[in-house]
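The values are calculated or read from the model by the stated rules, or taken from the named source; none is laboratory data. If you're wondering where the values come from, they're calculated on a predicted model, not measured in any experiment. When we count neighbours, we look across all protein chains shown, and the Cβ atoms used for this are built from the backbone with ideal geometry, even at glycine.
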Amino acid sequence: MSVQINLLDKIHLIDCLKLLKEIQDESIDLIVSSPPYNIGKEYEKKRVLDIYLDEQKEVLKECVRVLKKTGSIFWQVGAYVDNGLLIPLDIKVFPILENLNMKARNRIIWARQHGLHASNKFSCRHEAILWFTKSDKYKFDLDNIRVPQKYQNKKAYRGINKGEFSCNPEGKNPGDIWLFRNVKHNHEEQTIHPAQFPEDLITRIVLSTTKEEDTVLDPYIGVGTVAVVARDFNRHFIGAELEEKYYNVALRRLSGLPDKNNSFPNLKTLRSYVEKTGEPIERFRFDTQVGRIPTEGSKSKVYPEEYHINELYRRLEFEENSFSARIRNEEAPDDNGFVHKAKTNNKQISLL
């Protein structure tokens, strides 16, 4: 069944439940979203956890109704914090989807190297993305999302397959730990929204679970990242957003044009406009710009996920080695290769 044409390829300034109730049964190919986490950020109201989860049940019930039998739901969630106690929301959402007869495929960990530093617990460095399908006959195209092998062109050195590739030369499965950079300061996609999806993350989901002309729905679309990615890869989109300021940013990202003040919603949209028109980039600004002149895309430092994965591995290896050195009272190199003398006592472990 097809989605009503009046809803298609639009972001609607409306409560998501109202929009969902307008969509026909089994007409959506993919639903991907990041609902409010209920942790009191500036763009959401903090509510009692049970009330929040009851609301999520209603939204997810409607999502399942409109999803095709071949469709997928990717639900990205963080944690609810109450008086210092942590409740991972994926643990609460998982049984909701199970009770709706959805089938779990993956619990994806979106890890980050950086974030706020905690003082009385371990700092949070990941969030979860739950992937559920409506049936066992779901779409998944691994070839669209392969990533480079650790050892490119590796071949078997013995046995009947000697001399042949021992891995797929087109790349490997990216796995269920993702390291896309968080959209914060110095990220060219950053808008005024405090917590938006990186486009690369949504691209992996869209390319792996949909085909061209399929329809992607985001019931909490925010500043429109899911819509931008769907459009760029020839998919249809539908989105709902309640906050008018974010709704307007999403429309500006989709239009790709400067506003009356010659400003763009983010640096990436500005760079795309300049690349298409040939106009000098210095004529324009972007909403989150602070003091600096916008630069061409060729001068930016935009790294792929593989870079961040390698950096994380390098950092984790450094932390492991340095900690081991500390407890053995040995010398340990820091991140830059400089050696420090590790000292221990009964109260603390520290590097001088």
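Filtering the stretch 233-245 to residues that are touching a residue at least 24 places away in the same chain (Cβ under 8 Å) and either aliphatic (A, V, I, L, M) or surrounded by fewer than 22 Cβ atoms within 10 Å (Cβ to Cβ) (or both) leaves F233, I238, A240, L242, E243, E244, K245.
Note on the stretch 143-156: among residues that are out of contact with any helix residue (DSSP H, G or I) (no Cβ under 7 Å at 6 or more places or on another chain) and at pLDDT 80 or above, the one that is surrounded by the fewest Cβ atoms within 10 Å (Cβ to Cβ) is D143.
Pairing residues of the stretch 92-114 that are assigned by TED's automatic domain parsing to the domain that holds T133 and closer than 16 Å to V32 by Cβ with residues that are assigned to a loop (DSSP other than H, G, I, E, B) and charged (D, E, K, R), at Cβ distances under 8 Å and at least 6 apart in sequence or on separate chains, gives M102/K134; N106/D176; R107/D176; I108/D176.
Let's see how each residue does on (1) surrounded by fewer than 21 Cβ atoms within 10 Å (Cβ to Cβ); (2) touching a Lys or Arg at 6+ places or on another chain (Cβ under 7 Å); (3) more than 16 Å from H126 (Cβ to Cβ):
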{"position": "P169", "(1), (2), (3)": "yes, no, yes"}
{"position": "I177", "(1), (2), (3)": "yes, no, no"}
{"position": "N186", "(1), (2), (3)": "yes, no, yes"}
{"position": "E189", "(1), (2), (3)": "no, yes, yes"}
{"position": "P194", "(1), (2), (3)": "yes, yes, yes"}
{"position": "E199", "(1), (2), (3)": "yes, no, yes"}
{"position": "T203", "(1), (2), (3)": "yes, no, yes"}
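For the criterion of being crowded, with 19+ Cβ neighbours inside 10 Å and either among the small types (G, A, S) or not in a strand (DSSP E or B) (or both), F94 passes.
Within the stretch 101-111, the set of residues being at negative phi and surrounded by fewer than 17 Cβ atoms within 10 Å (Cβ to Cβ) comprises K103, A104, N106, R107, I109, A111. Every condition in (1) crowded, with 18+ Cβ neighbours inside 10 Å; (2) free of Cβ contacts under 8 Å to residues at least 12 places away in the same chain is met by P280 except one, and the failing one is (1). For N234, indicate whether it is touching a Lys or Arg at 6+ places or on another chain (Cβ under 6 Å) and either aliphatic (A, V, I, L, M) or part of a loop (DSSP other than H, G, I, E, B) (or both). In short, no.
Do you know which of the residues in the stretch 249-277 that are free of Cβ contacts under 8 Å to residues at least 40 places away in the same chain and charged (D, E, K, R) is surrounded by the fewest Cβ atoms within 10 Å (Cβ to Cβ)?
Taking the stretch 249-277 and keeping what is free of Cβ contacts under 8 Å to residues at least 40 places away in the same chain, we get 252, 255-264, 269-270, 272-277.
Filter again for charged (D, E, K, R), leaving 252, 259-260, 275-276.
On the way: R252: 21, D259: 14, K260: 5, E275: 13, K276: 9.
Only one residue fits best here, namely K260.
If you go through the stretch 202-219 one residue at a time, do you hit one that is among the hydrophobic types (A, V, I, L, M, F, W, C), part of a loop (DSSP other than H, G, I, E, B) and either over 19 Å from A111 (Cα atoms) or modelled with pLDDT of 85 or more (or both)? Looking for residues that are among the hydrophobic types (A, V, I, L, M, F, W, C), part of a loop (DSSP other than H, G, I, E, B) and either over 19 Å from A111 (Cα atoms) or modelled with pLDDT of 85 or more (or both), one finds none in the stretch 202-219, hence no. Going by what's in this entry, would L30 be described as assigned by TED's automatic domain parsing to the domain that holds A230, in a strand (DSSP E or B), at pLDDT 85 or above and not charged (D, E, K, R)? Yes; evaluated as a whole, the condition is true for this residue.
Scanning the stretch 108-149 for residues that are among the aromatic types (F, W, Y) and outside any strand (DSSP E or B) yields F122, Y138, F140.
Scanning the stretch 64-89 for residues that are in a helix (DSSP H, G or I) and either crowded, with 20+ Cβ neighbours inside 10 Å or of a type in the set (A, V, I, L, M) (or both) yields V64, V66, L89. Here I192 clears all of (1) touching a Pro at 6+ places or on another chain (Cβ under 9 Å); (2) part of a loop (DSSP other than H, G, I, E, B); (3) at pLDDT 95 or above except the condition numbered (3). Given the criteria more than 23 Å from K134 (Cα to Cα), buried (at least 24 other Cβ atoms within 10 Å of the Cβ) and either free of Cβ contacts under 8 Å to residues at least 60 places away in the same chain or not assigned by TED's automatic domain parsing to the domain that holds I109 (or both), does V223 qualify? Taking the combined requirement at face value, the residue satisfies it.
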